[in-house]
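Enquirer: Below you'll find the structure I mean.
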Amino acid sequence: MKTHTFRLKPGQDLFDSIEEFVKENRIEAGCVLSGVGNLTHATLRLANREYYNDYEGHFEIVSMTGTVSVHGSHLHIAISDGDGATIGGHLVGGCKIYTTAEIVLLELEDVIYKREMYENDSGYEELAVYKR
């Protein structure tokens with residue numbers, strides 16, 4: 001196993017920047033160990049919805065988790081506003097960093113994560129795990 005730590009700066013896109021880092025470092029299987037920081041805009045896909053919701057304001061990233069791979073990632077995030085109201089869902093492109101985001105990824109070197117369609121499943125590409 002190998003860890004990767006990086007910081008995102010104001011205006012960067014959270015999801016797209018993580019995907020870019022994963023591709024640049026050729027990570028074929030990994031997970032988010034930690035993700036903290038803040039946003040000025042959030043775009044989330046909430047549970048069982050086909051569309052995205054957009055949120056404007058200042059938000060703290062209170063939790064982030066998921067799997068990452070050059071073959072496709074699946075990330076969830078929870079954010080809270082200035083009153084502590086919290087919302088979470090699928091992390092997608094469009095979340096803009098306010099001052100910072102500190103990301104720690106764990107790379108798993110003995111497996112490869114891919115995304116595949118399964119018959120009679122969710123209708124989304126789901127995780128497939130292969131041994132190296």
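Enquirer: Can you tell me how many residues within region 10-34 are among the hydrophobic types (A, V, I, L, M, F, W, C), under 14 Å from residue 91 (Cα atoms) and either outside any strand (DSSP E or B) or at pLDDT below 95 (or both)?
Expert: 3
Enquirer: Okay, moving on. If I ask for residues that are in a loop (DSSP other than H, G, I, E, B) and touching a Cys at 6+ places or on another chain (Cβ under 8 Å), which ones from region 104-132 would you list?
Expert: Matches in region 104-132: 108 only.
Per-residue answers, yes or no, for (1) among the basic types (Lys, Arg); (2) within 24 Å of residue 123 (Cβ to Cβ); (3) in contact with a strand residue (DSSP E or B) (Cβ under 8 Å, 6 or more places away or on another chain):
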site: 10; (1), (2), (3): no, no, yes
site: 27; (1), (2), (3): no, no, yes
site: 45; (1), (2), (3): yes, yes, yes
site: 73; (1), (2), (3): no, yes, yes
site: 76; (1), (2), (3): no, yes, yes
site: 84; (1), (2), (3): no, no, no
site: 92; (1), (2), (3): no, yes, yes
site: 100; (1), (2), (3): no, no, yes
site: 103; (1), (2), (3): no, no, yes
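Enquirer: Mind listing whichever residues of region 47-84 are within 14 Å of the chain's Cα centre (by Cα) and among the hydrophobic types (A, V, I, L, M, F, W, C)?
Expert: Result: 61, 62, 64, 68, 70, 75, 77, 78, 79.
Enquirer: Something else: Among the listed residues 87, 77, identify the single one that is aliphatic (A, V, I, L, M) and more than 24 Å from residue 114 (Cα to Cα).
Expert: 87
Enquirer: Restricting the search to region 35-91, which residues are among the hydroxyl-bearing types (Ser, Thr, Tyr), part of a strand (DSSP E or B) and exposed (fewer than 15 other Cβ atoms within 10 Å of the Cβ)?
Expert: Narrowing region 35-91 to residues among the hydroxyl-bearing types (Ser, Thr, Tyr): 40, 43, 51-52, 55, 63, 65, 67, 69, 73, 80, 86.
After this cut, where a residue has to be part of a strand (DSSP E or B) as well, the list is 40, 43, 55, 63, 65, 67, 80, 86.
The one that is among the hydroxyl-bearing types (Ser, Thr, Tyr), part of a strand (DSSP E or B) and exposed (fewer than 15 other Cβ atoms within 10 Å of the Cβ): 86.
The values are calculated or read from the model by the stated rules, or taken from the named source; none is laboratory data. Given the structure is predicted, the values throughout are model-derived calculations rather than measurements. Note that each Cβ is placed from the backbone with ideal geometry, even for glycine, and that neighbours are counted across all protein chains shown.
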